[in-house]
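Everything below concerns the one structure shown next.
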Amino acid sequence: MAVVFGTGAIDRLKPGGFEDINSESFIAKELLEDELGQGQSNLFVVFSGGGTTVDDLGFQTAVEEALEPLAQDATVAGVATFYTTGSPAFVSEDRTKTFAVVGLAHDADAASEDFPRLRALLFSEELEINVTGEPAAAREIQDKAESDLQRAELFAFPIVAILLVLILGSLVAASLPQAMGVLSVVAALLGLRMLTEVTDVSVFALNITILLGLGLSIDYAFLIVDRFRKELRTKDVPEALQTTMSTAGKAVAFSGLAVAISLLGLLFFPMNFLQSMGLGGALVTGLAAIGALMVLPAILAILGPKVNALSVLRQDPGKEGVGFWYRLSTGVMKRPIVVMVPVVAFLVLLASPALDLRLGSPDPSILPSGNEIRWAS
């Protein structure tokens, strides 16, 4: 039930949320929409091709025929073109392209939800049609964010699974961090679904919820499982679990609390998308820590030595003061300056693309170069 109800949160998340609802500009926009019907819910339909100019009768006929289904739609308040206004602002310099302004009867959020249906109404055999505008861009950015997230998950999850098997050497042990990651994400989606009942939640909360949920849950669970397996070499199950939770468990609790508090700092920003990311991130961080501190220990107590079952790689029990990681850590402590300088230089090199960073609200320019909406803009 949690899976079904939680995944329903995706359809209830809102696009946009990049404005301060208490700002003067937002209040003025609301007044224009409510009192004068002059909102920003417009689509811009660009017509090109055909081998003729906009002055050709065939070009005009093709434009009017393509726009007719759209003009008759109940959600369209009006359509303005070069042929209805006579304004040269609707025509390109070489007169081979023109555009239409399609005014929508509802607000930007509702318009973005309706965009795929409206776009499907536009078709022409003679002309190439591209559509842009705020509702189109918002919907496309939302769809791209969701599809990119799914692709990232499909790429990262198998790699993480392989690494866990290589490091832990047991299929049972390796499956526990992955299971905790899935559990945290499902629980966090359920939490987001409940939040949508009382407030607007931005679609960008989905990204941080899933990415942090998987990353932190796997990280926290790995620390617990790895320490428990090491303690089992010399202790019985209850004592091993007690030692594990008093050491690795404390680290997980502190990390979860610190990360959640840091993310809640986003609530002080007035934009809904930042607040949503803060709520979603803090929620899934808390759930990841709770899962590692409460659910996982119960599973380990049940499994006991069976946590090492289905071994696929021989594990070296190891000794204190030997091994690669011991030599690496002691080497760093012996020559901290020698190590720090090249590492910091490398990190600066990796961060150098930030010099070209341009801050601003998401718009069609963040879409791929070949995207219809970016090209039409």
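The values are calculated or read from the model by the stated rules, or taken from the named source; none is laboratory data. Being a predicted model, the structure only gives us computed values, none of them experimental. Methodologically, a virtual Cβ is constructed for each residue, glycine included, from the backbone with ideal geometry; neighbour enumeration extends over all protein chains shown.
If L310 satisfies every condition in (1) on the phi < 0 side of the Ramachandran plot; (2) of a type in the set (A, V, I, L, M, F, W, C); (3) at pLDDT below 90 but one, which is the exception? With respect to (1) on the phi < 0 side of the Ramachandran plot; (2) of a type in the set (A, V, I, L, M, F, W, C); (3) at pLDDT below 90, L310 is out only on (1). For the range 52-111, a residue qualifies if it is β-branched (V, I, T) and farther than 19 Å from N42 by Cβ, and the qualifying residues are T52, T53, V54, T61, T96.
Each row is one residue, and each column tells you yes or no for (1) in contact with a Gly (Cβ under 8 Å, 6 or more places away or on another chain); (2) hydroxyl-bearing (S, T, Y).
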| site | (1), (2) |
| --- | --- |
| M194 | no, no |
| T199 | no, yes |
| M245 | no, no |
| S255 | no, yes |
| I261 | no, no |
| F268 | no, no |
| M271 | yes, no |
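A residue that is at pLDDT 85 or above and more than 30 Å from R227 (Cα to Cα) can be found somewhere in the range 326-338. Screening E320 with (1) over 30 Å from A248 (Cα atoms); (2) loosely packed, with under 12 Cβ neighbours inside 10 Å; (3) at pLDDT below 85 gives one miss only, at (1). Filtering the range 281-294 to residues that are surrounded by 15 or more Cβ atoms within 10 Å (Cβ to Cβ) and of a type in the set (A, V, I, L, M, F, W, C) leaves A282, L283, V284, L287, A288, A289, I290, A292, L293.
Evaluated against (1) under 23 Å from G181 (Cα atoms); (2) of a type in the set (G, A, S); (3) free of Cβ contacts under 8 Å to residues at least 40 places away in the same chain; (4) not assigned by TED's automatic domain parsing to the domain that holds G169, A282 falls short on exactly one condition, (4).
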